[in-house]
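To start, the structure itself, in structure tokens.
The values are calculated or read from the model by the stated rules, or taken from the named source; none is laboratory data. These numbers were taken from a predicted model, which means no experiment stands behind them. We place every Cβ from the backbone using ideal geometry, glycine too, and count neighbours over all the protein chains shown. Only protein heavy atoms, including side chains, enter the accessible area calculation; ligands, DNA and RNA are left aside. Shrake-Rupley method; radii C 1.70, N 1.55, O 1.52, S 1.80 Å.
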Amino acid sequence: MKDAGQPNVVFLLADQLRACSLPLHGEAQIATPNIDRLAGAGVVCDQALSTAPICTPYRAMLLTGRHPQSTGFVGNFIGMRHDEISVADAFKAAGYRTGWVGKWHLQVGAWPGAGMREGAEGAGYIPAGRPRLGFEFWRGYNFHETYFNGWVDKDDWRNEIWDGYETQALNRYAMEFMDQADDRPFCLFVSPHQPHKTCVGAFAPEEYYRRLPSRLELPENVPDACRDESLQAYR
């Protein structure tokens, strides 16, 4: 039996999601019922801040507990040193199963993902072992912006194309991991790519667009260039 003192851990990494864009922190234009429900069942950390403004440095910090100036991750697409000790290593040492699902962005290089399909540049297969920093179950990808019918790495030098919308597909992979539960507790990171700018076509299923207000007001601190681009995409 699993030790009652070892709870399961699921970490949901909402990529590039501004706190001030959530009803939880005062936004009144959109509805986020699932995020609100998670917040209501847990603890909201109002003073939590990102230590870096871009993906790779922040993700390296999140997994190692070390600042970018210590890990050497000061920009995107830099390969992780394999001697880094990660949160997955710590959980494994405590007897946990570990899993990663979704965007990784701690790898450099495109082979063998590039050329697999249209738009696969920069896919960057992450091989098993230390490149995955202690995560055993793996349904991750280094980087791509294919939100529909995209792909993840698995256990050999192949990518698997998922069916449908990314967030829903990653949820299925997360359930796959949890369905394999044994007597050990588990630690699972789930990392969907959205939200990002919509320069790659459809960003989300049409049903979600229909739920948005007819007019969207962006926060005053959004730069003019980003404001124009975002509002044009929204229209």
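Here are a few things to note about the model shown:
Conditions (1) under 21 Å from Val152 (Cβ atoms); (2) open to solvent by less than 40 Å² (accessible area, probe 1.4 Å); (3) in a helix (DSSP H, G or I), marked per residue:
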| site | (1), (2), (3) |
| --- | --- |
| Asp15 | yes, yes, no |
| Leu38 | no, no, yes |
| Gly42 | no, no, no |
| Gln69 | no, no, yes |
| Phe73 | no, yes, no |
| Arg81 | no, no, no |
| Gly95 | no, yes, no |
| Gln107 | yes, yes, no |
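- Scanning the range 22-36 for residues being open to solvent by less than 70 Å² (accessible area, probe 1.4 Å), among the polar types (S, T, N, Q) and without any contact (Cβ under 8 Å) to a residue 24 or more places away in the chain gives a total of 1.
- In the range 145-173, the residues that are open to solvent by 10 Å² or more (accessible area, probe 1.4 Å) and either at pLDDT below 90 or under 21 Å from Ser86 (Cα atoms) (or both): Glu145, Thr146, Lys154, Asp155, Asp156, Trp157, Arg158, Asn159
Per-residue answers, yes or no, for (1) at positive phi; (2) part of a strand (DSSP E or B); (3) of a type in the set (Phe, Trp, Tyr):
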| residue | (1), (2), (3) |
| --- | --- |
| Phe135 | no, no, yes |
| Trp138 | no, yes, yes |
| His144 | no, no, no |
| Trp157 | no, no, yes |
| Glu160 | no, yes, no |
| Thr167 | no, no, no |
| Leu170 | no, no, no |
| Ala174 | no, no, no |
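- All positions within the range 174-197 that are open to solvent by less than 50 Å² (accessible area, probe 1.4 Å) and modelled with pLDDT under 85: Gln194, Pro195, His196
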